[in-house]
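Asks: Following this message is one structure expressed as C-alpha cells.
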Amino acid sequence: MTEPQSTSSFGYSAAANRTHRQPISEMMVLALQNPSLVSLAAGLVDYDSLPTQAVRTLADSILSDTDHARAALQYGTTEGYKSLRHELLEHFCRLDETDHAGLGADIDNIVVTSGSQELLYLITQTLIDPGDIVITGYPSYFVYTGTLASAGATVRCCEMDENGVIPESLDALMTELAAAGEIDRLKAIYLVTYHQNPSSITLAEERKPQILEIIEAHQPAVPHKILLMEDAAYRELSYDASAPFSFRKFDTTDRVAMLQTFSKPLAPGLKLGYGLLPKDLAEQVILQKGNIDFGTCNLAQHITAEALASGIYAKHVAKVRAAYGEKCQVMLDALDAELGEFRPDETTWTRPDGGMYVWLTLPEDIDTGPDSVLCAAALKHGMIYVPGEFCFPNDPGRVKPKSKIRLTFGLASKEQIREGIRRLAVAIKEVNG
Ligand SMILES: Cc1ncc(COP(=O)(O)O)c(C=O)c1O
C-alpha cells in the first residue's frame with residue numbers, strides 16, 4: 001500500500017492556476033477600510049440616482065399579485081424570462097432605429113445573464129481554448145482581459161485614437177497574424193464601443209462597417225467564423241442621449257454579439273446583463289449557462305421587464321444620464337483648475353460625452369503604477385485612482401504605457417470629486433521632480 005502523500009495544496013486546475021486576483025480588488029478593500037479616503041477608482045454607480053422608489057413600486061405590484069409573485073419567485077428558464085426577452089428585442093430595435101429584420105434577430109437570439117460579465121465569461125467558455133487569440137483595443141476593460149487570461153487566451157491589441165479602435169491597425173494586426181501562421185487561432189475581436197472603460201472613447205459609427213469589412217477580408221484564412229463582441233455596457237449613458245448605431249446594424253454575416261447590461265443605467269444590485277447573439281452561439285452559451293446557474297435571478301428579471309414595459313426604465317435612464325453629465329463636468333472643471341497649468345504639453349485628459357470615466361495622461365516620466373511613488377503619495381493625501389497600466393492587456397511585444405490614470409466619477413459625490421482631484425494634484429506636484 002502506498003503511503004498517502006502529504007501536500008499543502010489541492011490539485012488546482014490549469015484554469016485556476018492561470019487566475020489571479022483582480023488588481024482593483026486591493027484598492028476596493030483599501031477604500032472600504034478607510035472611509036476618509038476619496039475613491040475615484042472603483043466603477044460603482046451614483047448612489048443618489050439609484051431607483052429605490054421605482055423598484056419598490058415595481059416589486060410591490062409583482063408581489064401583490066399572487067400568480068405573478070409565484071411565477072417571479074419560482075425558478076425560471078436558463079435563457080431568461082420570455083417577456084423580458086421580448087422587451088429586450090424591442091429595446092435593441094429602438095436603440096438601432098430598426099426592426100427585427102434590420103437586426104437579423106428574433107427572440108431566440110436574446111439571452112439574459114447575471115450581469116454582462118457572466119455573458120462575457122460564457123462566451124469565453126464557449127469559444128476559447130488555451131492558446132486561442134482574442135483581439136482587443138489598447139487599453140481595454142481589465143476585468144474581461146483577466147477572464148481571457150484565466151481561459152489561457154493570448155490577447156493581441158490594436159491601436160486606438162480619439163475615435164476608438166483604428167481600422168488600419170486591426171487590418172495590420174490581422175495581416176501580421178496571418179504572416180506568422182497564427183490567424184487560425186483567432187477566435188474573437190472584443191471592443192467596448194461606447195464611452196469605453198477606461199478611456200471614455202466611443203468608436204465612431206463610420207468605422208463599424210470598415211471593421212466588419214476588414215474581418216470579412218481576413219475570414220477566408222480562418223477555419224471558423226471570427227466573432228465580433230461588441231460590449232455596449234455604457235451605450236445608454238451618452239449625456240445628450242445620442243449614440244452611434246451598433247455593429248449589429250451593419251452586420252450582414254451574423255458575426256456580431258451585442259452585450260449590454262442594466263448595471264449602469266438601472267442598478268447593479270439587480271445584476272442583469274443581456275445579449276443579442278448569433279443563434280448558434282446563443283444555443284452554446286445557454287448550454288454553458290445550464291452548467292453554471294441554469295437561470296438568472298427570476299425576480300430581478302420580472303422587475304426589469306415591468307420597468308421596460310411601463311416606461312419607468314426610459315425615464316430613469318434620462319435621470320441617470322443627467323446625473324453623470326453633471327458629475328463629469330465637476331471632474332473636468334476640477335482637473336482644469338488643479339492641473340490645467342501642470343506641464344500642459346504633456347498632461348491631458350479625455351472630455352467624455354457619456355459614461356463614468358476620465359482617462360488622464362501624465363508626463364511620461366511620472367509612473368502611476370500600483371508600486372509607484374505617485375500612488376503612495378496619492379494614498380498619503382487621501383485618494384485612490386486606478387493605475388492605467390491595469391487597463392493595458394499583456395500583449396506580447398508591447399510595452400505598457402506607465403503614465404496613465406483611470407478616474408471615475410460614478411460613486412463619488414460632487415464634493416468628493418473636487419476633493420479627490422485636489423488631493424491627486426497635490427500628490428502629482430509633490431512627486432514631480
Ligand atoms: C465594459 C464593461 N463591460 C462589462 C461590465 C460588467 O458589468 P455587469 O456584469 O455588472 O453587467 C462592466 C462593469 O463595469 C464594464 O465596465
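The values are calculated or read from the model by the stated rules, or taken from the named source; none is laboratory data. Keep in mind it's a predicted model, so treat the numbers as computed, not measured. Cβ placement follows ideal geometry from the backbone for every residue including glycine, while neighbour counts extend to all protein chains displayed. Surface accessibility is based on the protein's heavy atoms, side chains included, excluding ligands, DNA and RNA. Shrake-Rupley method; radii C 1.70, N 1.55, O 1.52, S 1.80 Å.
Asks: Defining a contact as two alpha carbons under 8 Å apart and six or more residues distant in sequence, what relative contact order in percent does the stretch 1-108 show? Show your work: numbers first, answer last.
Replies: Details: 23 pairs, mean separation 11.6, N = 108.
For the stretch 1-108, the relative contact order is 11 percent.
Asks: Still on this structure, please answer the following. Taking 0.36 nm per residue of sequence separation and subtracting the Cα-Cα distance, how much length would be gained by fully extending the chain between A69 and E168, in nm to one decimal? Mind dumping the intermediate values first?
Replies: Details: separation 99, 0.36 × 99 = 35.64 nm, distance 5.31 nm.
Extending this stretch completely gives an extra 30.3 nm.
Asks: Okay, next question. Quote the relative contact order of the chain in percent (integer), defining contacts as alpha-carbon pairs under 8 Å separated by 6+ residues.
Replies: Relative contact order of the chain: 23 percent.
Asks: What is the local net charge at L227, summed over the other residues whose Cβ is closer than 9 Å to its Cβ (Lys, Arg +1; Asp, Glu -1)? Display every interim value, and only then the final one.
Replies: Working: positive: K187, K225, R255; negative: none.
My count for the surroundings of L227 gives +3.
Asks: Moving to a separate point now. On the protein heavy atoms, probe 1.4 angstrom, tell me the percent of accessible surface of the stretch 108-249 carried by carbon and sulfur.
Replies: On the way: 2240 of 4420 Å².
The value for the stretch 108-249 is 51 percent carbon and sulfur by accessible area.
Asks: How far, in nm, would the chain grow between D254 and V373 when pulled straight, counting 0.36 nm per residue and subtracting the alpha carbon separation? Walk me through the numbers before you get to the answer.
Replies: On the way: separation 119, 0.36 × 119 = 42.84 nm, distance 4.87 nm.
Value of the extension gain: 38.0 nm.
Asks: Once amide H atoms are placed 1.01 Å from N in the peptide plane, what residues at a sequence separation of 5 or more from C157, or on another chain, have their amide H within under 5 Å of its amide H?
Replies: T136
Asks: Would you mind telling me the share, in percent, of accessible area of the stretch 295-433 contributed by carbon and sulfur at probe 1.4 angstrom?
Replies: Numbers: 2910 of 5720 Å².
Carbon-and-sulfur percentage of accessible area, whole number: 51.
Asks: Could you list the GluC sites (Glu not before Pro) in the stretch 84-154 that lie in coil according to DSSP, counting only those with at most 15 other Cβ atoms within 10 Å of their Cβ?
Replies: On the way: sites: E87, E90, E97, E118; in loops: E97.
Passing sites in the stretch 84-154 are E97.
Asks: Distance between Cα centroids, the stretch 88-161 to the stretch 376-433: provide it in whole Å.
Replies: Centre-to-centre distance over Cα atoms comes out at 28 Å.
Asks: With a cap of 11 neighbouring Cβ atoms within 10 Å, and only residues DSSP puts in a loop, list the trypsin sites (Lys or Arg not before Pro) found in the stretch 1-85. Intermediate results must be reported in sequence, preceding the final value.
Replies: Numbers: sites: R18, R21, R56, R70, K82, R85; in loops: R21.
Loop-located and lightly packed - R21.
Asks: Name the residue, out of P370, P244, P35, whose mean-square fluctuation peaks in a Gaussian network model built on the chain with Cα pairs under 10 Å.
Replies: Looking only at P370, P244, P35, the largest GNM fluctuation is found for P35.
Asks: For the stretch 1-98, which chymotrypsin sites (Phe, Trp or Tyr not before Pro) are in a loop by DSSP, counting at most 14 other Cβ atoms within 10 Å?
Replies: Values: sites: F10, Y12, Y47, Y75, Y81, F92; in loops: F10, Y12, Y47, Y75, Y81.
Hits after loop and neighbour filter: F10, Y12, Y47, Y75.
Asks: Further question: Let me check I have the definition right: for the stretch 216-269, take the eigenvalues of the Cα gyration tensor, multiply each by 5, take square roots. What are those semi-axes in whole Å, largest first?
Replies: On the way: eigenvalues 166, 36, 9 Å².
Each semi-axis is the square root of five times an eigenvalue, giving 29, 13, 7 Å.
Asks: I'd like the accessible area for E430: 1.4 Å probe, protein heavy atoms, all chains in place, Å² to the nearest 10.
Replies: We get 90 Å² for E430.
Asks: In nanometres, what is the gap between the two model label sites at S25 and S9, each 7 Å from Cα along Cα-to-Cβ?
Replies: Reported label-point gap for S25 and S9 is 1.7 nm.
Asks: How far apart, in nm, are the 7 Å Cα→Cβ label points at D184 and F245?
Replies: 3.7 nm
Asks: How much length would be gained if the chain were fully extended between T52 and V426, taking 0.36 nm per residue of separation minus their Cα-Cα distance, in nm to one decimal? Walk me through the numbers on the way to the answer.
Replies: Values: separation 374, 0.36 × 374 = 134.64 nm, distance 3.72 nm.
Answer, rounded to one decimal: 130.9 nm.
Asks: Rounded to the nearest angstrom and ordered from largest down, what semi-axes does the equivalent ellipsoid of the stretch 83-224 get from its C-alpha gyration tensor (root of 5λ)? Could you put the intermediate results ahead of the total?
Replies: Values: eigenvalues 130, 70, 55 Å².
Gyration-tensor ellipsoid for the stretch 83-224: 26, 19, 17 Å.
Asks: Counting only helical runs of four or more DSSP H residues, what would the 222 nm mean residue ellipticity of the chain come to if each run contributes -39,500 (n - 2.57) and the total is spread over all its residues?
Replies: On the way: 15 runs with 182 residues, N = 433.
Here the helix-only value at 222 nm equals -13000 deg cm²/dmol.
Asks: Would you mind listing how long the stretch 52-310 runs along its three principal axes, going by Cα atoms, in whole Å with the largest first?
Replies: Projected onto its principal axes, the Cα set of the stretch 52-310 covers 63, 41, 33 Å.
Asks: Using a 1.4 Å probe, what is the accessible area per residue for the stretch 52-310, in Å²? Please list the in-between numbers first.
Replies: On the way: 9830 Å² over 259 residues.
Here the residues of the stretch 52-310 average 38 Å² of exposed surface.
Asks: Check G354: other-chain or 5+ apart residues with amide H under 5 Å from its amide H, H built from backbone geometry?
Replies: Y239
Asks: Any idea what % of Cα-Cα pairs in the chain are farther than 42 Å?
Replies: Of the Cα pairs, 15 percent sit more than 42 Å apart.
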